[in-house]
Amino acid sequence: MANGQQDRILIVDDNKLILKLVQDKLGAAGFEVFTAESAEQASAILPSVKPDLIVLDVMMPGMDGYEFCRRLKSAPETSPIPVIMLTARGDISEKVRGFEAGADDYLVKPFDPTELALRIRALLTRVRSARGQASAPSPAGHIFTVFSLRGGSGKTSLAVNLAMALVQLWSAEVALVDLAFESDHDAMMLDLRPKYTWADLAEKEQTEIDEDVVLGCMTKHASGIYLLAAPPSPVSAGAITPKLVGTVLPILRSRFEFVVIDMPSCFSEPNLVTFDLADIIILLVTPELAGLKAARAALDIFDSLGYRKERLSIVLNWTFPKRGLPQRNIEDALRLPIDLVIPYDSAPFVDAINSGIPLLQANPSSRIAFELQKYAYQLSVEYMQYANVPASEVLARVQAAFGH
């Protein structure tokens, strides 16, 4: 989003059904959408709309998409606007013709509206990166997302304990956000019974949502973690829109030094908004073929979205005692180094889940806790090196381990 505003997308297509479908999907994805049924109509509204990107059909009455694209790219005031062309024909000659007209990307009908949203985000990111244009002003706080396409990878345990480690290191209040709306595991792992959740925010008008409202829907843990919990029922999840997520997370970022987000195992529209905002995307992988394939698939999607590898951190969770894939083989397959290996030791994590006391709180001096604390330090020290932070026991021990 440019300058913190919604990206403005102009859709040009003579098919009213496609216009309606795309408008609804992109609107739900957090874009501001405008439509035109012909190139001539689009030309008339361009000066007032000032779109960030144009989605343009090829076959239209009057001026076709190729000619309109050529005119856009030949005019100084419209040539910087990226264009995605839509066509019913997918042969190579049609694609070449589109690119020769100046199109920046090409999508064949029938298309998945979710794929179109992904292409739009990726193209906007790529274009702005090439121009050296920031997507948003520099934020105060920092967002870490914990993600895996593989269920049962230990994602929630890592998110909860990472938040706890950041509290222990920096004596800071940390926001923990549960976006895995199909369950409320973060609350369970902290032994919290939230009175308010995401569902209560979804009932508010967008204009009502400010810092006081968001904080009022969070539950404070004794450690200093503030939890924004998943709804008590998955039925409520449908009301939590990408626009709501895109409103709430910047508020949390401005209020907290760190925001840790427990992500669901999918690429939904709220997830895409969250990944766009994240400083670090932590990808959790398990040492077997299914876990490796899931991680590789996630990395391919991140690459298509134009995310820099510097934003990615790989964590290997050794979920069983023997016969896992070797670490070197996993790193070769992912083409990225592993930043943290969580050793196999099921008992402390099971005990933590059953008791509602996170591992780092129940046994902060254990081997696994120390590895998590060191990892949290490596993620966060760059952001905190100039902060006036009291030297906690955990911080002193971790700094000694790194020779600081």
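The values are calculated or read from the model by the stated rules, or taken from the named source; none is laboratory data. Just so you know, these numbers come straight off a predicted model, no measurement behind them. No Cβ is skipped: glycine too gets one built from the backbone with ideal geometry, and neighbour counts run over all protein chains shown.
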Is there any pair linking a residue in segment 49-77 that is small (Gly, Ala, Ser) to one that is surrounded by fewer than 16 Cβ atoms within 10 Å (Cβ to Cβ) and modelled with pLDDT under 90, with Cβ under 9 Å and at least six apart or on different chains, and which?
Gly65/Met59
In this structure, does Leu299 turn out to be free of Cβ contacts under 8 Å to residues at least 40 places away in the same chain, crowded, with 17+ Cβ neighbours inside 10 Å and either more than 25 Å from Glu173 (Cα to Cα) or touching a Pro at 6+ places or on another chain (Cβ under 6 Å) (or both)?
yes
Being in contact with a strand residue (DSSP E or B) (Cβ under 6 Å, 6 or more places away or on another chain), farther than 19 Å from Leu118 by Cα and in a helix (DSSP H, G or I) narrows it down to one of Leu284, Leu252, so name that one.
Leu252
Yes/no for Phe111 being in contact (Cβ under 8 Å) with a residue 12 or more places away in the chain and either over 25 Å from Lys20 (Cα atoms) or crowded, with 20+ Cβ neighbours inside 10 Å (or both):
no
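Residue by residue, here is whether (1) loosely packed, with under 14 Cβ neighbours inside 10 Å; (2) closer than 20 Å to Ala117 by Cα holds:
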position: Asp13; (1), (2): no, yes
position: Gln23; (1), (2): no, yes
position: Ala28; (1), (2): no, yes
position: Phe34; (1), (2): no, yes
position: Leu46; (1), (2): no, no
position: Thr78; (1), (2): no, no
position: Ala88; (1), (2): yes, yes
position: Glu100; (1), (2): yes, no
Within segment 315-371, residues free of Cβ contacts under 8 Å to residues at least 60 places away in the same chain, among the hydrophobic types (A, V, I, L, M, F, W, C) and either part of a loop (DSSP other than H, G, I, E, B) or loosely packed, with under 14 Cβ neighbours inside 10 Å (or both) come out as Trp318, Phe320, Leu325, Leu336, Ala347, Val350
In segment 193-217, how many residues are in contact (Cβ under 8 Å) with a residue 40 or more places away in the chain and in a loop (DSSP other than H, G, I, E, B)?
2
Does Glu67 satisfy the criteria of being charged (D, E, K, R) and either within 25 Å of Ala122 (Cβ to Cβ) or surrounded by 17 or more Cβ atoms within 10 Å (Cβ to Cβ) (or both)?
no
Just a yes or no: is a residue in segment 218-235 among the small types (Gly, Ala, Ser) and in a helix (DSSP H, G or I)?
no
Criterion first (outside any helix (DSSP H, G or I) and either touching an Asp or Glu at 6+ places or on another chain (Cβ under 8 Å) or of a type outside the set (Ser, Thr, Tyr) (or both)) does Gln6 satisfy it?
yes
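Is it the case, given these coordinates, that Leu215 is over 18 Å from Thr156 (Cα atoms), surrounded by fewer than 20 Cβ atoms within 10 Å (Cβ to Cβ) and in the same structural domain as Gln361 (by TED's automatic domain parsing)?
On the way: over 18 Å from Thr156 (Cα atoms): yes; surrounded by fewer than 20 Cβ atoms within 10 Å (Cβ to Cβ): yes; in the same structural domain as Gln361 (by TED's automatic domain parsing): yes.
Taking the combined requirement at face value, the residue satisfies it.
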Any residue that is part of a loop (DSSP other than H, G, I, E, B), more than 22 Å from Leu277 (Cβ to Cβ) and either under 20 Å from the mean Cα position of the chain (by Cα) or not assigned by TED's automatic domain parsing to the domain that holds Ser265 (or both) - is there at least one of those in segment 164-181?
no
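Yes or no, residue by residue, for (1) farther than 19 Å from Val285 by Cα; (2) among the aromatic types (Phe, Trp, Tyr); (3) out of contact with any helix residue (DSSP H, G or I) (no Cβ under 6 Å at 6 or more places or on another chain):
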| site | (1), (2), (3) |
| --- | --- |
| Lys309 | no, no, yes |
| Thr319 | no, no, yes |
| Val341 | no, no, yes |
| Leu359 | yes, no, no |
| Arg367 | yes, no, yes |
| Glu371 | no, no, yes |
| Tyr375 | no, yes, yes |
